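Let me begin by presenting the structure, written as structure tokens, before commenting on it.
The values are calculated or read from the model by the stated rules, or taken from the named source; none is laboratory data. The structure presented is a predicted model; accordingly, all values stated were derived computationally and were not measured. In this analysis, Cβ positions are derived from the backbone assuming ideal geometry, glycine residues included, and neighbour counts consider all displayed protein chains. These accessible areas exclude ligands, DNA and RNA; they are computed on the full protein's heavy atoms, side chains included. Shrake-Rupley method; radii C 1.70, N 1.55, O 1.52, S 1.80 Å.
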Amino acid sequence: MSSQRPAMHAGEAVAEALREEGVERVYSVPGSHIHPIYDGLSRVRSIRMVTCKQEPNVSLMADAYGRLTGKPGVCVVTAGPGCVNSMAGVAQAYGAASPMVHISGAVPLKADLEAFHGVDDPAFVHEMFKKITKWSARIERIEDIPEVLAKAFHIARSGRPGPVHVELPRFADYSEYILQEAPAVLSAYQVIPTKAAALDSEDVERCAKRLMESRAPVIAAGKGVIRKGAMAELAELRERAPEKNILLFGFDDATNSRYRGEDQRVADPKLFLAGLLERLGDYRRPRDEALIKRMEEGKAALRASLVAQNAPHRSEKPIYPGVLMDAMNAVLDDRAVVASDVGNCQMWARTFRRIATPESFMQSGVWNAMSYGLPTAIVAKMEFPGRDVVALAGDGAFLMTIGDLPTAAEYGANVLIVILNDGAFGQTFMQQSNIYGHTYGTAFRSPDFAQIAKACGAEGIRVSDPHDVEDALRQGLAATKSRPALVEVMVAQHPYPKL
């Protein structure tokens, strides 16, 4: 019996690669350049296709998957507009160190001028992605598909995680094939293991010594601890444990010009923390009860200040945003996931939201792309079906992502969506008011989001009385047992609370 592998088309080769990498979900909007990939995936039962309705949300969902699971989020988009429309989520994943494999169709390798979904330069999309990814590849031969995709997954999850872009050109304009018409016998797919920065025992020794000698060490932990799943090690270190007293450990792929001297090093957070704990052995720093008491009193005073600032506004109409924030804290437990969009909602929630887990308050990151909330919440609910998941957004940001509200209902991602409706792009509205004393182009007429939610198969609740906010949130959460729910809160513009 022959052991030769069967010949396959390019789309089947992509589907095989995703299967071998253990991919469970693919986020996509269909297009003619990627029909062969869809065809290949249709025969892989272990992968669930999540068909989105807005191309920007495709990469935002892949970004969210990477952040929540630590595994590369995979999205597939068509050539040209599909790629460009999804760039924001890729750039966001790059800044957030979120592993992603962004796969796209492309115009033919030797496309003429005005090719379908193309411009004069056939490779322009590939070039654009180079600046917002760890690696961008344009496959030119069907035989290279297994090797390129294996490298893409390897790069996405190794070192400092991040997005990669891989595009597969169409055989010819309007062709039903990718790269070539004839199927080919390809090499078996080989997963490349994840690579982590090697643990340097001298770095561990130096850090351990400095910690044990220090009087009051402060740990400033970044996203690398979350991305590498090192929260437990960090928590254990916390229990033990001028510029020259700062130790910086980054999780880039390698050192670069930003790292200077022996106190600024590159390390895998999980490996380094594990090594540091081992080196510390039985060492335990004596508890500073006075310091702990001062910190607890400081937190309590901060909470009391926020309560005092809310007090004069508890009966105001439109609703004071702080009243909503208090209500959210009252109804959500410590396991709840809150994905906040960009804008005023984010600024209020940053101050009020109670933090218990890495998912208690998820934000877009330095790229700060509006439309982050709903796609992230949809993915979070799919990954954590037993937890309450909230998408928090202003009316302007939600209008940028509303097209996938039906997707949440379609896939049973029963999230609670909380909309702060003030009829404006609230943050820029306030900025203009503060800078110029007037506003221009930042206010608009909002629709009735509660009615739209009902039309999309979700529960819809509109609340305009501040005394009804908490009950409305509880009603919305109860509805998520069977469907998504949207609570639209009619709020007013107010300065952010003072800390």
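Here are some notes:
- For the stretch 317-402, the Kirkwood estimate of the hydrodynamic radius, built from every pair of different alpha carbons, is 13.0 Å.
- Summarising the label geometry, the points placed 7 Å from Cα in the beta-carbon direction at Ala311 and Ala184 lie 7.4 nm from one another.
- Stokes-Einstein diffusion coefficient of the stretch 361-432, Kirkwood radius over Cα pairs, 20 °C, 1.002 mPa s, in µm²/s: 167 µm²/s
- Other-chain or far-sequence residues with amide H under 5 Å of Ser136's (modelled H): His165
- Each principal axis of the Cα atoms in the stretch 357-499 has its own extent, and those three values, largest first, are 47, 33, 31 angstrom.
- Rg over Rh, two decimals, the stretch 156-219 (C-alpha only, Kirkwood Rh): 1.37
- Whole-Hz ³J(HN,Hα) from phi, Karplus 6.51 cos²θ - 1.76 cosθ + 1.60, for the stretch 330-337, glycine and proline x: 6, 9, 9, 8, 6, 8, 5, 9
- Measuring only protein heavy atoms, the 1.4 Å probe finds Phe384 accessible over about 50 Å².
- Backbone geometry of the stretch 289-304 corresponds, through the Karplus equation with coefficients 6.51, -1.76 and 1.60 at θ = phi - 60°, to 3J(HN,Hα) couplings of 4, 5, 5, 4, 5, 4, 5, 5, 5, x, 5, 5, 5, 5, 4, 4 Hz, x marking Gly and Pro.
- Alpha-carbon Debye profile of the stretch 49-166, log10 I(q)/I(0) at 0.11 Å⁻¹: -0.32
- For the chain, dividing the convex hull volume of the Cα atoms by the residue count gives 191 Å³ per residue.
- A viscosity of 1.306 mPa s and a temperature of 10 °C, combined with the Kirkwood radius over C-alpha pairs in the Stokes-Einstein formula, give the stretch 137-263 a diffusion coefficient of 85 µm²/s.
- Ranking Phe398, Phe171 from most to least accessible surface, computed with a 1.4 Å probe over the protein chains only, gives Phe171, Phe398.
- Cα pair count fraction exceeding 17 Å, expressed as % - the stretch 208-282: 46 percent
- HN-Hα J in Hz across the stretch 259-269 - Karplus 6.51, -1.76, 1.60, θ = phi - 60°, x for Gly and Pro: 9, 10, x, 6, 8, 10, 10, 9, 7, 6, x
- Using every pair of separate Cα atoms, the Kirkwood estimate puts the hydrodynamic radius of the stretch 221-262 at 12.3 angstrom.
- The stretch 285-440 - convex hull of the alpha-carbon atoms, volume per residue in Å³: 169 Å³
- Convex hull volume per residue in cubic angstrom - Cα atoms of the stretch 392-473: 103 Å³
- Amide H partners (placed H, <5 Å) of Met100, local residues excluded: Gly73, Gly162, Val164
- Converting the Cα gyration tensor eigenvalues of the stretch 15-107 into ellipsoid dimensions via √(5λ) gives semi-axes, longest first, of 19, 17, 10 Å.
- Gain on full stretching of the segment that runs from Glu239 to Asp39 - 0.36 nm per residue minus C-alpha separation: 66.7 nm
- The apolar share of the surface of the chain, taken as the fraction of accessible area on carbon and sulfur atoms (1.4 Å probe, ligands and nucleic acids excluded), comes to 53 percent.
- Placing His126, His9, His35 in order of accessible area, with the largest value first and a 1.4 Å probe, yields His35, His9, His126.
- With R₀ set to 56 Å, the beta-carbon distance separating Asp282 from Arg474 gives a calculated FRET efficiency near 0.70.
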